[in-house]
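The values are calculated or read from the model by the stated rules, or taken from the named source; none is laboratory data. This one's a predicted model, so the numbers in the text were calculated from it and none came from an experiment. Every residue, glycine among them, receives a Cβ derived from its backbone with ideal geometry; neighbour counts consider all protein chains shown.
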Amino acid sequence: MKIPAVLASLILAAVATAAPMRLAVTVSDSQGAEISANVIFDGQVVYEYGPNAAAGPIARFDLASPGWTDLTTGQAITLDQAKQWAQQSRQQTQTTLQRIPDANQRAFVGEMLEPNLAISRGGGTIRLRGQFISYAVSSPIVTSAEMLRLLFAYEELNAYRKAIVTRQAPPFLQLEVGRVAREEGMFPGRIVTDITTPAGTVTVTSVSVLTELTQSEEEAFRRQIAR
């Protein structure tokens, strides 16, 4: 059924004037370290803040034309460029993988490059188990279908951005967790990651909470991004 032009314009106006949403993320590990970040969804544009929110956003994501801009350097990267970089990185690492003498280290790196996770469900939790890295995904965030779409679009871009900025791990495991969660129709409010190392298991817990900005918070946000 065709949507009347007047109704369509009202829908677009409602979307454009909807209050921004905040995704507050706290990540902690079994050693007691903790870091927090805030992500503000303003329609199709997303601003990511580091631990010091007063310093302003560190990255701006465009969900309509997928990509992001690093607000400290001004560097802009599209999703297509990020995918190309990730594939090239994977190929280069796979080329040198056999030079790693330790078989467990080779397998660990291989799991990060080509995730092969066994998936199970039960008790409200999705479990993705690998040889060295496993995830327990739970506490789905309750929101609209449109907001879920935006969350997953941001999460995909963020997986690539973290890999490019930190150069610590490729994006493929995070992308696989996101793919499974998206197929389940749930954006996780809690992800527990267990990483098996020669020194023992390290557990990293990520907790995400989605809230609407208050009027005063939105006003402060508008002033900040207008600078």
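Structure summary
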item: Near pairs, Cβ below 7 angstrom, 6+ apart or cross-chain, from the stretch 77-104 (closer than 24 Å to ILE195 by Cα and without any contact (Cβ under 8 Å) to a residue 40 or more places away in the chain) to any residue that is among the aliphatic types (A, V, I, L, M) and part of a helix (DSSP H, G or I); result: GLN94/LEU113; LEU97/VAL109; ILE100/VAL109
item: Inter-residue pairs, beta-carbon under 8 Å, first on the phi < 0 side of the Ramachandran plot and modelled with pLDDT of 95 or more and in the stretch 202-227, second part of a helix (DSSP H, G or I) and surrounded by 14 or more Cβ atoms within 10 Å (Cβ to Cβ), 6+ apart; result: LEU210/MET147; LEU210/LEU151; LEU213/PHE221
item: Residue in the stretch 46-70 that is farthest from LEU23 (Cα to Cα), counting only those that are of a type in the set (D, E, K, R) and touching a Lys or Arg at 6+ places or on another chain (Cβ under 9 Å); result: ASP70
item: Single condition VAL177 does not satisfy, out of (1) at pLDDT 95 or above; (2) part of a strand (DSSP E or B); (3) among the β-branched types (Val, Ile, Thr); result: (2)
item: Residue within the stretch 165-178 that is touching a Ser or Thr at 6+ places or on another chain (Cβ under 8 Å) and among the hydrophobic types (A, V, I, L, M, F, W, C) present; result: no
item: Residue list for the stretch 56-68, restricted to those being without any contact (Cβ under 8 Å) to a residue 24 or more places away in the chain and out of contact with any Phe, Trp or Tyr (no Cβ under 8 Å at 6 or more places or on another chain); result: ALA64, SER65
item: Complete set of residues in the stretch 143-152 that are of a type outside the set (S, T, N, Q) and closer than 18 Å to ILE191 by Cβ; result: LEU148, LEU151, PHE152
item: Selection count, the stretch 1-50, where residues are in a strand (DSSP E or B), modelled with pLDDT under 95 and β-branched (Val, Ile, Thr); result: 1
item: Which listed residue is free of Cβ contacts under 8 Å to residues at least 60 places away in the same chain and closer than 18 Å to MET186 by Cα, from GLY130, GLY124; result: GLY124
item: SER65, sole failed condition from (1) assigned to a helix (DSSP H, G or I); (2) loosely packed, with under 15 Cβ neighbours inside 10 Å; result: (1)
